[in-house]
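Accompanying notes for the structure given below.
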Amino acid sequence: MRASLTDYVFQRLSHLDSAMELAGSATTLVSADIERIQFGVRELHEIWANVISGAIALFLIERAIGVAMVAALGVSFVSMAAVLLIAVSGSEAQKRWFEATEVRVAQVVKILAEFKSVKMMGYTKGLLDSLGAARVFEVQRSQKFRAFLIMVATLSQAAVALVPAFGFVTFILLRRHGDAKILDSSRTFGTLTLFSILSSSVGILVEAVFEVVTAIGCISRIQGVCTKHYRLDPRRINGSAKSSQSMVVMNDASAKYERETDDIIKKVNIDIKPGSIIQVKGPVASGKSTLLKMILGEVRYCTGEVSVGDKIIGYCDQNPWLDHVSIRDNITGPAPFDPERYADTIRICALDIDLKNIPGGDSSLCFGNGTTLSGGQKARIVGHHLDPLD
């Protein structure tokens, strides 16, 4: 269950708009939400099993004490109705709690990714205070959900105690009016056993229904995140006759990140031939990165024609990302290791001298997105990683 849901979340998030902030959402979805879904799915079996068990117990109780079993049935229905109301409110409280968790986790991820810069700029204490405040806010958000958990546990135990009590009290009242069967010692102990089975089933059902309803809330959260801003690739792969001789073709292409805003890129016409080296220049926020993201198919609102010769395109972002593996593994990626080609790319990107000065050389781990590496070294390592795409 966990593996399947984690794979689904990963597959869906990889198709979302790259402009979305997903650090906190992704971590929370694959941990807290999926864990709650696991609990809910597990409790599904408790629901059908205890419904059958409770129904059989009610039938046998009716055979033993007659219509007095209606009181026990009434307590059971009231308990189930109450837990449904609590579960709906609890699901909303859980959603707000997990949203606060997302905020805190997103802050932690960002700080860890840029911890070197944080320390150099002297922001450590301020950010620690901010994380502490985020944690306090998260705990405050969780208090309401935990209150609902206490209510469910109390209701479950109350149902266990009240079901037999109401059943026997009703039987005694009916007996006084001569409307009930005679209850001898053997029938009394048998009925107590049946009430124990019924009350246990009702108590388990109360907790199981709450778990299932909150799990449904987590499923809704996953669905909401994974369908929000789902990106459909606007590009055409070899979409025109012209693009069969070109790597990238744009005809009157415009792009923007939000539907209501003005176009960042307006009516661009480009024809890039294989082997070309193109330089894009412009002032800050003029749309240079957006133009590249149009080629990658990462801009949500795109009009005109964007055709590329291949769907797989290597891209070195201005903020390099390194996996938590060795420098060599970051360079080679999934491609088979070719010693000769590896040595050539090390020399071309001028990393040979750097690797001699790094403890462990190319076996050194790039932990924390390359915290111990300089910006230039990280960029050149990522530049190496593009080489297997040739």
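The values are calculated or read from the model by the stated rules, or taken from the named source; none is laboratory data. Everything numeric here is computed off the predicted structure, so don't read it as measured data. Don't worry about glycine lacking a Cβ; one is built from the backbone with ideal geometry, like all the others, and counts go over all protein chains shown.
In segment 109-139, which residues are surrounded by 17 or more Cβ atoms within 10 Å (Cβ to Cβ), free of Cβ contacts under 8 Å to residues at least 40 places away in the same chain and closer than 30 Å to Gly40 by Cα?
Within segment 109-139, Ala134 is the sole residue that qualifies.
Of these, Gly74, Gly90, which one is touching a residue at least 12 places away in the same chain (Cβ under 8 Å), farther than 22 Å from Ala32 by Cα and of a type outside the set (A, V, I, L, M, F, W, C)?
Sole residue among the options that is touching a residue at least 12 places away in the same chain (Cβ under 8 Å), farther than 22 Å from Ala32 by Cα and of a type outside the set (A, V, I, L, M, F, W, C): Gly74.
If you take just the helices (runs of 4 or more DSSP H) that sit entirely in segment 1-114, which of them hold at least 3 residues that are under 25 Å from Leu194 (Cα atoms), hydrophobic (A, V, I, L, M, F, W, C) and at pLDDT 80 or above? Write out each step before concluding.
Numbers: elements: 2-13, 23-28, 34-65, 69-113.
Hits in segment 1-114: 34-65, 69-113.
So for segment 266-287 (the condition being touching a Gly at 6+ places or on another chain (Cβ under 7 Å), modelled with pLDDT of 85 or more and outside any loop (DSSP other than H, G, I, E, B)), does at least one residue qualify?
no
Considering segment 297-322 alone, what residues qualify as being among the charged types (D, E, K, R), surrounded by 14 or more Cβ atoms within 10 Å (Cβ to Cβ) and under 30 Å from Lys110 (Cβ atoms)?
Passing the criteria: Glu298, Arg300.
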